[in-house]
1. Which order do Val50, Val58, Val24 fall in if you start with the one that has the fewest other Cβ atoms within 10 Å?
2. Hey, rough spin-label estimate for Glu46 and Arg71, points 7 angstrom out along Cα→Cβ, what's it come to in nanometres?
3. Can you tell me how much longer the chain between Asp54 and Asn82 gets when fully stretched, taken as 0.36 nm per residue apart minus their C-alpha distance, in nm with one decimal?
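Rule-based calculations on the coordinates, nothing more; no lab input. Computed from a prediction, not measured in an experiment: that's the story for all the values here. Cβ: placed from backbone, ideal geometry, glycine included. Neighbour counts: every protein chain shown.
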Amino acid sequence: MLNTAIAQDTLSDTVPQKEKVYNVKWKYELPISGAYILAPSCAFKELDKVAKFDESDVLKLNAADVNWFDRPIIFRDPAGFNKAHSLIK
């Protein structure tokens, strides 16, 4: 029994106790996190107002001026443009 008590004391001395790695300061972190969540949603609504385009804008695009990864969109049939655009609204 004595050996067990000595072993436990020795073990508790050598094994580091679990410490808090990070202390949450709700006073600062909650408002900042809320701002980071709400700001993009408001910004994207404003971006939608500014970034409107219509069929004529798409038809005016020159394939050489468009990024390579966006180029396939230019060559799609524009007949479905109005239907696709109405689904966004």
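1. Val50, Val24, Val58
2. Taking the two extended label points, one gets 3.5 nm.
3. 9.2 nm
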